[in-house]
Amino acid sequence: MFAPAPALRLTTEERGELEKIAWNPRTGQKVALRARIILLGAEGIPNAQIADRLRLSRPTVILQRKRFGRLGLRALLKDAPRRPGRARVSDDLVQKIVDATRTTTPSGSTQWTARSMAKWAGTSRMVVHRIWKRHGLQPHRVETFKISKDPKLAEKVRDVDGLYLDPPDRALVLSVDEKTSIQALDRTQPGLPIKKGRCATRTHDYKRNGTTTLYAALNVLDGKVIGHCVPRCCAKEFIKFLAKIDGTTPPDLDLHVIVDNSSTHKTEEVRRWVRRHRRFHLHFTPTSGSWLNLVESWFAILTKQRIRRGVFRNVPELIAAIDEYLRVYNATPTQFEWTKDADEILAKIERARRVMTRRVGK
């Protein structure tokens, strides 16, 4: 608690002048407010109560009392001197910081921080922050990518993109993949629930209680997902999952199945099964092109909403949780809308390849 400030001492003339200033409708609001601060201070009212009554901050009240004690009535009529404005940063310094951020790294580190860049450039970290923000630079972040070297890259991109943007008549387009090694993790101690002022908590360590693999087929038409958990990922289990798709989709529709280049999708056993089931048509994404498979987006949602924060004492509990999530999700599914044209995708890949070639050439 703050000790209450002593009451301000006013002469009769000062009090009369202050009251005239405070209640005259022609007085500027800023000046009238300062006068009221002094009048309340003269009554011995604590600074915190003055601030609360006039809807000001306590430091503002203290400042005006000090200025009145030093300058008298003149303090009400004139603003306190302000700090000098922000010094202009030269264009050369801005360019120096931008170029260094984009093309260099500091000695002994993998990326610049605002403090290290400020020290190197001879300025403040706030100047560096403003320059980075203005130029959209975020050296603390990194995104992953890989340019596909598939010789049939363009052909496969156009094939898959065409299925999304212009699906064939009397057919379903299914995005299929497996999410392998989903861990049944249990925490070593019970966590605490969320409450006001505190988020939910959990222990940093955990116990591994086994894994499962989820096969999933996302229906591009309506967003529904067919899922099935299996002990391991292999061609035999993939065929069983294709058989499940065959039994749970309308038999009079062709099925265009988008899959990645996993070896389990290309075995002779799988090929024989597909040849016997004429309505199945497998479409392969390019190597290092899993981002073309829409079911990967659904896997990310599943992980965030049900797996990452889940507690599972054994694999059956994990499988039951995934099955429950599938039931709830399929009751109100989300349709995933593909918007990128194949030409846009290939042009972006080509730009990335040219940049990579120049970087390697250096």
Most fluctuating of I307, I45, I194 in the GNM of the chain (C-alpha, under 10 Å) is I45
Stretched fully, the stretch from K149 through K244 gains (0.36 nm per residue minus C-alpha distance, one decimal, in nm) 30.9 nm
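Assigning unit charges at the beta carbon (Lys, Arg +1; Asp, Glu -1) and nothing else, what dipole magnitude in debye, to the nearest 20, does the chain show about its Cα centre?
On the way: 69 positive and 38 negative charges, 498 e Å.
Value, rounded to 20: 2400 debye.
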On the formula 1/(1 + (r/R0)^6), with r taken between the Cβ atoms of N314 and H204 and R0 of 25 Å, the FRET efficiency rounded to 0.05 is 0.70
Exposure proxy check on E268, E19: fewest-to-most Cβ neighbours within 10 Å is E268, E19
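Apply 1/(1 + (r/R0)^6) to the Cβ-Cβ distance of R170 and E344, taking R0 = 35 Å, and write down the FRET efficiency to the nearest 0.05.
Working: r = 29 Å, r/R0 = 0.82.
Efficiency computed from Cβ-Cβ geometry: 0.75.
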Within the set P193, P168, P251, GNM on the chain using Cα springs under 10 Å gives the largest fluctuation to P193
Looking only at aspartates and glutamates whose Cα falls under 20 Å of K133's and that sit 8 or more positions away or on another chain, we get D91, D92, D99, E143
The alpha-carbon center of segment 7-22 and that of segment 112-154 are separated, in whole Å, by 59 Å
In segment 25-145, taking the dipole from +1 charges on Lys and Arg beta carbons and -1 charges on Asp and Glu beta carbons about the Cα centre, the listed residue (V98, F145, P59) farthest towards the positive end is P59
Longest principal axis of the chain (C-alpha) makes with the long axis of helix 342-361 (C-alpha) an angle, in degrees to the nearest 10, of 70 degrees
Among E14, E350, E296, the residue with the largest mean-square fluctuation in a Gaussian network model of the chain built from Cα contacts under 10 Å is E14
As straight-line cross-link partners of K78, the qualifying lysines (C-alpha separation under 30 Å, not fewer than 8 residues apart within one chain) are K20, K30, K66
Note: L54 to R353 extended length (0.36 nm per residue) minus current alpha-carbon separation gives 101.3 nm
About its Cα centre, segment 12-77 carries a charge dipole, from +1 on Lys and Arg Cβ atoms and -1 on Asp and Glu Cβ atoms, whose size in debye to the nearest 20 is 320 debye
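For a quick check: sort Y164, Y206 by the number of other beta carbons within 10 angstrom, fewest at the front. Could the numbers behind the result be given before it?
Details: Y164 19, Y206 13.
Final ranking by Cβ density, sparse to dense: Y206, Y164.
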Checked against the positive end of the charge dipole of segment 179-255 (+1 on Cβ of Lys and Arg, -1 on Cβ of Asp and Glu, about the Cα centre), the farthest of T211, A235, I245 is T211
Taking a crude spin-label model, label points 7 Å out from Cα along the C-beta direction, the T105 to R187 distance in nm is 3.6 nm
Which of (1) 61; (2) 36; (3) 31 is the computed percent of Cα pairs over 33 Å apart? It is (1)
In degrees, nearest 10, the alpha-carbon axis of helix 91-103 is tilted away from the dominant principal axis of the alpha carbons of the chain by 30 degrees
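Set the Förster radius R0 to 22 Å, insert the Cβ-Cβ distance between R9 and K66 as r into 1/(1 + (r/R0)^6), and round the FRET efficiency to 0.05. Present the calculation step by step, with values, prior to reporting the outcome.
Values: r = 14 Å, r/R0 = 0.66.
In this case the efficiency is close to 0.95.
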Listing L76, L253 by rising number of other beta-carbon atoms within 10 angstrom, fewest first, gives L253, L76
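Just so you know, all these numbers are worked out from the coordinates, no wet-lab data involved. All figures in this text were calculated on a predicted structure; none of them were measured in a lab. With ideal geometry, Cβ positions are generated from the backbone for all residues, glycine too; neighbour counts draw on all protein chains shown.
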